[in-house]
Amino acid sequence: ARVDRDSTRRRKSFEETLLEFSEHKLDMLVGTQMLAKGHDFPNVTLVGVVSVDAGLALPDFRSAERTFQLLTQVAGRAGRGLLQGRVIIQTFYPDHYALQHACTQSYENFYAEEIRFRKKLGYPPFVALASILVHHANYNYAFDNAQILKECLQNANSERQARILGPAPAPLPRLKGEHRLQMLVKAANRKKLRELLDFGLHEAQEKFCDLRCVNVEIDPVNLL
């Protein structure tokens, strides 16, 4: 059976599929990350992960962390009963540290490598981060507002207490009929970050920046 958002839209279809699988009426489930978490089927002996590199390639500093989490979670679905489990991962980068440490279930070693990259490249938890998304159906309108906001943030950053990246097309540059431009703001702490954003947004509004098309997220869950 197939298990994903499209195939489980009908009410209770997800629960019915899992019940049939637990009763051995189904031998194989193919699906998305919906299958990775929280399921306990003692007779599952094989888990396969296809194209894991898609998760590693996402333009988000947490991509390695999320891939490691997913692999350790989905690997836990195999071998939960008396029979030994096996996990097969499809990848072009078998030497990637996230995959290597997921295979050995080594949380400590993954953390040691990941935290080193975060510190070197200036990402949380070593900085306070804000994601600013400017979106509109008209690209030029979105771009003009993003440029005004960028200029105002730079004016607020006269003492260079923060680093401003962008504007640039967001990883998902067009969504639901709107063009999307993204800026990232990094500061030493949340107080400095908030002061910079408050001053920059206030000045941008005075310069007729349309804040209705601006979304600001501090400590963003993802950068897509």
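About the Cα centre of segment 178-224, how large is the charge dipole given +1 on each Lys and Arg Cβ and -1 on each Asp and Glu Cβ? Please answer in debye to the nearest 20.
I would put it at about 200 debye.
List the lysines whose Cα sits under 25 Å from the Cα of Lys191, skipping any in the same chain fewer than 8 residues away.
By straight Cα distance, Lys191 reaches Lys119, Lys120, Lys150, Lys207.
What is the percent carbon and sulfur in the accessible area of the chain, measuring with a 1.4 Å probe over the protein chains and ignoring ligands?
Carbon with sulfur: 53 percent of the solvent-accessible area.
Might you tell me the accessible area per residue for segment 22-100, computed with a 1.4 Å probe and given in Å²? Display every interim value, and only then the final one.
Working: 5010 Å² over 79 residues.
Ligands and nucleic acids excluded, the figure is 63 Å² per residue.
Using square roots of five times the C-alpha gyration tensor eigenvalues, list the equivalent-ellipsoid semi-axes of segment 104-199 in whole Å, biggest first.
After diagonalising the Cα gyration tensor, the semi-axes are 29, 20, 9 Å.
Computed over the Cα atoms of segment 28-128, what is the convex hull's projected area averaged over all directions, in nm²?
Working: hull surface 28.4 nm².
That works out to 7.1 nm², a quarter of the Cα hull's surface.
Please compute one quarter of the surface area of the Cα convex hull for the chain and express it in square nanometres.
The Cα convex hull of the chain, projected and averaged over all directions, gives 15.2 nm².
Calculate, for segment 109-224, the solvent-accessible area per residue in square angstrom, rolling a 1.4 angstrom probe over the heavy atoms of the protein chains.
Working: 6810 Å² over 116 residues.
Ligands and nucleic acids excluded, the result is 59 Å² per residue.
Would you compute, from DSSP H runs of 4+ residues alone, the mean residue ellipticity of the chain at 222 nm, taking -39500 (n - 2.57) per run and dividing by the full residue count, rounded to the nearest 500?
Numbers: 7 runs with 85 residues, N = 224.
-12000 deg cm²/dmol, from helical runs alone.
Just to confirm a number: summing +1 for Lys and Arg and -1 for Asp and Glu over residues other than Phe117 whose beta-carbon lies under 12 angstrom from that of Phe117, what do you get?
+2
So what is the relative contact order for the chain, in percent, with contacts set as C-alpha pairs under 8 Å and at least six apart?
18 percent
Given the peptides 35-43, 66-74, 138-146, arrange them by the average over their residues of other C-beta atoms within 10 Å, most packed first.
Per-residue Cβ counts within 10 Å, averaged per peptide and sorted highest first, yield 66-74, 138-146, 35-43.
Which whole-Hz couplings ³J(HN,Hα) result when phi for each residue of segment 197-202 is put into the Karplus expression 6.51 cos²θ - 1.76 cosθ + 1.60, θ = phi - 60°, listed in order with x for Gly and Pro?
5, 4, 5, x, 5, 5
The values are calculated or read from the model by the stated rules, or taken from the named source; none is laboratory data. Predicted model only: the values in this text are computed from it and were never measured. Positions of Cβ are backbone-derived with ideal geometry, glycine not excepted, and every protein chain shown enters the neighbour counts. Accessible surface areas use protein heavy atoms only, side chains included; no ligands, DNA or RNA. Shrake-Rupley method; radii C 1.70, N 1.55, O 1.52, S 1.80 Å.
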